[in-house]
């Protein structure tokens, strides 16, 4: 990722680790986890985090990597980490509702709202959450944004240097046949975001699905992992894919052949919307006190400054004005892009119908 001289970044800092989820999950399930109220002294020095991928790096240089080390040093509490798609994490929480194993969950919208609606979250307002904008946290206190982020698309900047795509219409060009892919709506947070943006840009569900049906002639097919797409774009196996600013910006140093863009509608104006990482205390968490301390730590001033400097994202706190090189570069990327705000309550309510309509339109 673009960082200060001498720094390094794993090319798989985001959703690429999803392929490892089954083994990671198996390891977690093999651990002696106890039900709420039955922890020993040793077990009380830990917590389990279920998270959407993107903030941890394989080489140990990611945002989460620094957070986990700093938190353990400060509190003695070790974070046990389980990673997957936003939808996958919420589904797992729901399956485990009668025997809760996670203490904190971090997902992208609308899945954090989905977790809240399913009664999987407990109310807790972390220290520092008063500095988070009202639109970036639940009025109930059941979840709070810890890092702001935005939907984007990427293209191979080496092969498309002379004519990069700029609009939705550009993506229908035959040159992208078998060279375009986006992650699965309803499973991946970024894939679901493609639906939300299309509905907004095309003025409704029906015209959006008509477009996505036409786009299917170029689409490789569903992908459960957004992070697996970026390396393919960088290599030229794909020419276009979906993603998000934090993920793709963080990978720029190790994947230099990807350019970020925001597909525009017929008016030519690029648009996007906030796709933040939001955290919530899991209801009946086995280590709820440790979880509260962790949520406080995530919103602390020092950690929030690292959201851009280390994570390549945008601080959740409005009182922090980051000036590090990453923050400056991120501001440049967002310049001239119209940011709209989805009605997440409506999206959460109608998500099943959106996904069903997408499956019908694309034959997926």
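Bear in mind that the values in this text are calculations on the coordinates, not laboratory data. Computed from a predicted model, the values in this text were never measured in an experiment. Every residue, glycine among them, receives a Cβ derived from its backbone with ideal geometry; neighbour counts consider all protein chains shown.
Residues of the stretch 118-143 falling in the label zone of residue 339, defined by backbone nitrogen less than 14 Å from a point 7 Å along Cα to beta-carbon, are 132-137. Only Cα pairs under 8 Å and 6+ residues apart enter the sum, and on that basis the relative contact order of the stretch 241-364 stands at 26 percent.
Taking the longest Cα principal axis of the chain as reference, the axis of helix 189-202 is set at about 40 degrees. Once the chain from residue 166 to residue 346 is taken as fully extended at 0.36 nm per residue, the excess over their C-alpha distance is 62.0 nm.
Please find, in a Gaussian network model of the chain (springs between Cα atoms separated by less than 10 Å), the residue of 228, 181, 335 whose mean-square fluctuation is greatest. Result: 335 has the largest fluctuation of those listed. By the count of other C-beta atoms within 10 Å, a proxy for reagent exposure, 103, 343 are ordered fewest to most as 343, 103.
If you run the Gaussian network model on the chain, springs between alpha carbon atoms under 10 Å, then out of 68, 340, 314 the most flexible one is 340. DSSP bridge analysis restricted to the chain gives an antiparallel fraction near 60%, rounded to the nearest 5. Note on 333, 328: ascending count of other Cβ atoms within 10 Å places them as 328, 333, the fewest first. Full extension of the chain segment joining residue 253 with residue 301 gains 14.6 nm, where the gain is 0.36 nm per residue of separation less the Cα-Cα distance. Entry note, the chain: relative contact order of 26 percent, from Cα contacts under 8 Å with a spacing of 6+ residues.
The sum of -39500 (n - 2.57) across all DSSP H runs of n ≥ 4, divided by the residue count of the chain, sets its helix-only mean residue ellipticity at 222 nm to -10500 deg cm²/dmol. Remark: 89, 209, 334 ranked as 334, 209, 89, counting other beta-carbon atoms within 10 Å and listing the fewest first. To the nearest ten degrees, helix 288-298 and the longest principal axis of the Cα atoms of the chain are 50 degrees apart. Report the extension gain between residue 99 and residue 210 in nm, rounded to one decimal, defined as 0.36 nm multiplied by the number of residues separating them, less their alpha carbon distance. In short, 35.7 nm is gained. Sequence-distant contacts, meaning Cα pairs under 8 Å at least 6 residues apart, place the relative contact order of the stretch 153-208 at 15 percent. Between 324, 244, 190, the GNM of the chain built on Cα springs shorter than 10 angstrom shows 324 fluctuating the most.
Under 1.5 on a/c is rounded, so check that first for the stretch 298-349, then, if it is not, pick prolate when a/b is larger than b/c and oblate when it is not; a ≥ b ≥ c are the square roots of the alpha carbon gyration tensor eigenvalues.
Judged from the Cα gyration tensor, the stretch 298-349 comes out oblate (a/c at least 1.5, b/c at or above a/b).
Relative to the longest principal axis of the C-alpha atoms of the chain, give the angle of the C-alpha long axis of helix 344-362, reported between 0 and 90° and rounded to the nearest 10°. Rounded to the nearest ten degrees, it is 50.
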